[in-house]
Amino acid sequence: MGFHQGLVGEAYDRQYSNSALLRRIWTYARPYSTKLWLMLITIILQGVIGALPPVLVARVVDTGQVNTTANRLLIILVLAVLVIEVLGYVFYYVLHRLLARVTADISRNLATDAFSASIQQDMAFHDRYSSGKIVSRITTDNLDFVLLIQLTVDVLGSVIQSLTVGVILLRTEWRLALALFAFVPVTMLIVSVYRNLARRVTREGMRAMANVNANIKETISGISVAKNFRQEDSIYQDFKTTNETSYRVNYRRGFVLSIVFPTIRTIGGISIALMTYYGALTVTQGLISAGAWYMILLSSDRFLMPVMSITSYWTQVQTGFSAAERIFALIDAKRTVVQTGNYVPTRLEGKIDFNHLQFHYATGGEVLRDFDLHIRPGENVAIVGHTGAGKSSIARLITRFYEFQGGELTIDDRDIRSYDLTALRTHMGIVTQVPFLFEGTVEENIRFSVPGISREEILDLSRRIGKGEWLETFSHGLDTNVGERGSQISMGQRQLVALMRVLAHKPSIFILDEATASIDPFTEKQIQQALNLILEQSTSVLIAHRLSTVTSADRIIVLAGGEIIEEGTHAQLLASGGNYAELYNTYFRHQSLDYVEKAGRLYSSRHALNPE
Amino acid sequence: MAISEFSTPFRYKTDKSSPIRWLWSHTIHLWPMFVVAMLGAIGNAALASVPPLEFGTAYDTLISGTPLMHVVLRAAVIIFISQSARGVFQFFRNFGFEVTAQQIERNVREEFYINLLGKSMTFHSLQSIGDLMARATNDIREVNYIFSPGINMVFGSINFLFIPITVGAAIHPSLILTPVIFLVLYFLSIARYLKILEPVTRNVRLYFGALNSRLAEDIDGIETVKSAAQEDSEIALFKANIQAYRDTSVQQGDIEARFLPMLLLALAMGFGLMHALLLVRQGAIGMGSVLTYFSSLSLLGFPTNTSIRSYSQISLGLAGARRLLSVMNMENNLDKNDEGHAGKLRGEVEFSHVSFAYTSETATLKDINLVVYPGQTVAVVGQTGSGKTTLARLINRTYDPDQGSVRIDGVDLRDWSLDSLRSQISIIEQDIFLFSKTIAENIAFGKPGATQEEILVAARKAQAENFINALPEGFETVIGERGVTLSGGQRQRLALARAFLTDPRILILDDSTSAIDSQTEDEIQKAIMLAAEGRTTFIITHRLSQIRWADLIVVMKEGLISSIGTHEELMDTSESYRNIFTEVQ
């Protein structure tokens, strides 16, 4: 069986048998086996000597009572107490140093494997699974698993100490020991009942907190709107209600959580009181010495306390194991894009041919069926069509983000599957619909695909777009930090940087999935210029949303239901009044200057009718 | 009295001069529970000293040759009663601190929220929402943890430090030596421990943050990584990042492993026992007292073990409190000016020699001069960062200009009543914010008592009626996380409907949504044209068609007005303007 706790899984999740899971975990632990053995030895030693001080003190008491003659023994015993206490610290120190290293190393190796697997996964995988959840497997699940290692060490230490104390007690006075053991099931029962209760109230508490957080998230974003309409009070009342509810729920939670330790404490108190009396009885009967009696009293806490940690340990094991399972599932997820060769081209001409190609996504019906498209080296092809016509699929097959099922796709007359994937992509320049920038400077981002390019070359290229004016709009030019995901610069600037990346890179094949975000007309002009520069140097496949991009293509392909229904230049297609003309009317009409002029005239005429 | 835009009094006055004073000024108002908690903590510790004393008594009679079982029984009964009572005290301690923590969390959050509402628009447009969110949730949580488990553990366990001192003193005055030395060294070593640990944990968080944000970027931008064939270099970067994180974690682990109070405890137990036995040999005390003393020394284990976490918990919480205070104490430079000019606004807007800067470094607006007559439509055009939005924000007094003045109907904005001014100006932001409520409630947000009919008319004018009716529950459809999501164009039309309902004299529209199709574009055009009618309207826009029909076009460039005039005038005078109205070939 696997360890699942009703967490929402992903389709690639699988259940590993317990033995497979343990074997897999062991592969990560094995490189540190020496350290692990050392840790085990330390844990055992620590547990055993942790049980000793009461025994020694009992002997001290008994010896000291006989007095005078036993001076040397007394000194030895007292020194032994001191040495054992200090050794306890030394073991603690050694163990925790080892633990810090082993957990940090295992966690690092696991995270690295999970990250490498994720980044090498197909695009199909990434399109399907949310990036947040993948990241959380690499980090949060990893932490959960590491926590399991730490807890195991703690619990192991406790168990060994408990066992040692148990053995010592049994050997000293078995009746009293058995009486003390009777408290174990009672404590366990209380702890587990309490745990269920605690879990329920904690869940409620977390839900209430989540509501408060959601409310705050919404209203903080809404404060400006509220201020605009002077409605501060209404959102404040909303907030106050949620906040108050959360307080009440958490008050209840606090009550439940506050009960357990006092209860255990009281049980411990009862057990000690009983031990005090009945232990004393056995002393008077001469069964044990007074020192042994005292030893039993001191040990009972050391015996009972670990029981609590063992009881709550099982849930942690489940959490830790299912975390490990989720990480392994991520590492083991199957890939679909498989290369048959590893041909490394020195350069590409840019000839692209789809022959009778069949393609569908893992879920869903056929996207391309018996598809033919031939793109000449250096040609610029724009693909237009309604949503779902298959435009993006064509681009994603050329970039080899997806695997096709039948037919043939060749680049420079060579099967796309026979190329080395990394080598193939270094000859392609791809600009995605939402251009993605990494935290860092503008320069670093431009250099992302061509690590070798010099600053001067980048500056030269920059000047070719609008006389380099766009660079002046950045506060620190090329050294401007773009922020996480490029959030510090505008959408238009991000597009320019993404296009600059391609300009610097000079790929043989350029794939553009054009952005739909609106951009100020001045930047828009510069983007057009940059685009035109790229079109001159590469074979281009353009999924176009801008009228200017469509008109600058050599050939327009009109796609519907995965088939090419028309092709030609903008002027030809518009003149023929077919599907393209309809698409134009739906998507591009409002971008034309003609439309703009008409809007101007419309408004002027209204003005004429309604003078101020 | 503090200057504020929104004033609802908080439950009580607090002292915001330092984190500790601030928390204290909250705590004294929650005194009943706090007192319960403190008494619980003291009672719990005091009763913890009972068993060691009773062990001693019982032992003495056991070894006395003629053991008196009723003495032992009395000892057992006292232990039983005291430990049961201790359970009750411990409950009061835990519950008291937990409730205090929850009350503090609730009150602090309320105070923080009221404070945020009172902050100026300036503050809100400068402050990142994510950052405020983090403060209102995580930092306030950390403040909660100061009390439970923080102070609960610290105060609850500090009492235990004094038990061996009092027990020791009762047995023989010299026996206070070990526990007193322990006490002093304990505090010194914890202070040192925290001081060493603090920079390391900060690094751990820092490296984890760096690791995590690059990781999230890589997975989010996976298409870019793959496109650039940079998988290997990103894996190498990840390895470097995680190695740095690993190294600092180990460093932290080493510091925690070296935790000195642990050694001090070991030494105290050893030397304490030795000392007590010496006294026995001198005949100063009996063996029973040795037991009592040794048992009381082992109570030092509690403060030692809890101190690994509890002190850092408090210092984390205080750091959170400091972050909250830094927001709350931020200057609020605008006030409501209730006595200022109020009255119906005509809509004449004049900027004269206006300069403005967010930070002292660079001016965002430089010497802006502009006159707009009532009812005119002004298109503000320019690249991102050219100052368009800032210009608009000066009109409803989100900011005050550093130099020059903005006048509406000839009255300087600083002399207007803020309420009167803002209630007649509507801003539709770039990111249109809608509440997770029904569409009708969202439209009526600015006019809570609006009738169904009024809402319907507003929606119709905003060209929103059709798409609203197409939604599953029409006007009663809930928007947002738990409801339907709307496209940018739809959100914009809802915001316009809001504006139609409040009928402002000046409308400021930050319009940067892009229409995917021409039909939507037609509708948005129509809605905006209707909205502009009969009021002064500023449109910050990217749409050529809007620029084309505006009465006045203001072209902004790097904080200056680079050209201004009608479309025809600009076509004649400005080359860059002419460029955008020409096809690129």
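The values are calculated or read from the model by the stated rules, or taken from the named source; none is laboratory data. Remember, predicted model here, so these are calculated numbers, not experimental data. Quick reminder, even Gly has a Cβ in these numbers, built from the backbone with ideal geometry, and neighbours come from all protein chains shown.
Taking the conditions (1) facing chain A (nearest Cβ under 9 Å); (2) within 46 Å of the chain's Cα centre (by Cα); (3) not polar (S, T, N, Q) in turn, B:VAL280 satisfies each one other than (2). Elements of the type helices (runs of 4 or more DSSP H) sitting completely within segment B:433-534 and holding at least 2 residues that are under 27 Å from A:ARG589 (Cβ atoms), within 36 Å of the chain's Cα centre (by Cα) and at pLDDT 90 or above: these cover B:488-502.
Restricting segment B:321-333 to residues that are in a loop (DSSP other than H, G, I, E, B) and at pLDDT 80 or above, the residue that is farthest from B:TRP24 (Cα to Cα) is B:MET330. Can you name every residue in segment B:205-235 that is surrounded by fewer than 17 Cβ atoms within 10 Å (Cβ to Cβ) and more than 8 Å from chain A (Cβ to nearest Cβ)? Residues satisfying the conditions are B:ARG205, B:LEU206, B:GLY209, B:ALA210.
Restricting A:LEU197, A:LEU151, A:LEU156 to residues that are assigned to a helix (DSSP H, G or I), touching a residue at least 40 places away in the same chain (Cβ under 8 Å) and touching a Ser or Thr at 6+ places or on another chain (Cβ under 9 Å) narrows the list to A:LEU151.
Counting only residues that are surrounded by fewer than 18 Cβ atoms within 10 Å (Cβ to Cβ) and not charged (D, E, K, R), segment B:236-249 holds 5 of them.
Of all positions in segment B:127-142, none carries a residue that is away from every other protein chain (no Cβ under 14 Å) and in contact with a Gly (Cβ under 8 Å, 6 or more places away or on another chain).
Filter segment A:274-284 down to the residues that are within 7 Å of chain B (Cβ to nearest Cβ) and in contact with a Ser or Thr (Cβ under 9 Å, 6 or more places away or on another chain), then identify the one that is farthest from B:ALA48 (Cα to Cα). Among them, the one singled out is A:VAL283. Here B:GLY474 does not qualify as surrounded by fewer than 20 Cβ atoms within 10 Å (Cβ to Cβ), over 21 Å from B:LEU530 (Cβ atoms) and within 14 Å of chain A (Cβ to nearest Cβ). In the set B:ARG422, B:ARG414, only one residue is within 11 Å of another protein chain (Cβ to nearest Cβ) and outside any strand (DSSP E or B); that residue is B:ARG422. When every residue of segment A:51-67 is checked against the conditions, none turns out to be of a type in the set (D, E, K, R), in the same structural domain as A:ILE331 (by TED's automatic domain parsing) and at pLDDT 90 or above. The residues in segment B:236-266 that are facing chain A (nearest Cβ under 7 Å) and in contact (Cβ under 8 Å) with a residue 12 or more places away in the chain can be counted, and the count is 5. Counting the residues of segment B:39-62 that are out of contact with any Leu (no Cβ under 7 Å at 6 or more places or on another chain) and either over 14 Å from B:LEU291 (Cβ atoms) or among the aliphatic types (A, V, I, L, M) (or both) gives 13.
Residues in segment A:101-151 that are closer than 24 Å to A:TRP37 by Cβ and of a type in the set (Phe, Trp, Tyr): 1 in all. Scanning segment A:238-252 for residues that are more than 8 Å from chain B (Cβ to nearest Cβ) and either polar (S, T, N, Q) or buried (at least 21 other Cβ atoms within 10 Å of the Cβ) (or both) turns up A:THR241, A:THR242, A:THR245.
Being surrounded by 19 or more Cβ atoms within 10 Å (Cβ to Cβ), within 14 Å of chain B (Cβ to nearest Cβ) and modelled with pLDDT of 85 or more is the requirement here; does A:ILE235 meet it? Yes, satisfied.
Each residue in segment B:63-110 was checked for being buried (at least 19 other Cβ atoms within 10 Å of the Cβ), more than 18 Å from A:SER258 (Cβ to Cβ) and more than 7 Å from chain A (Cβ to nearest Cβ), and 3 pass.
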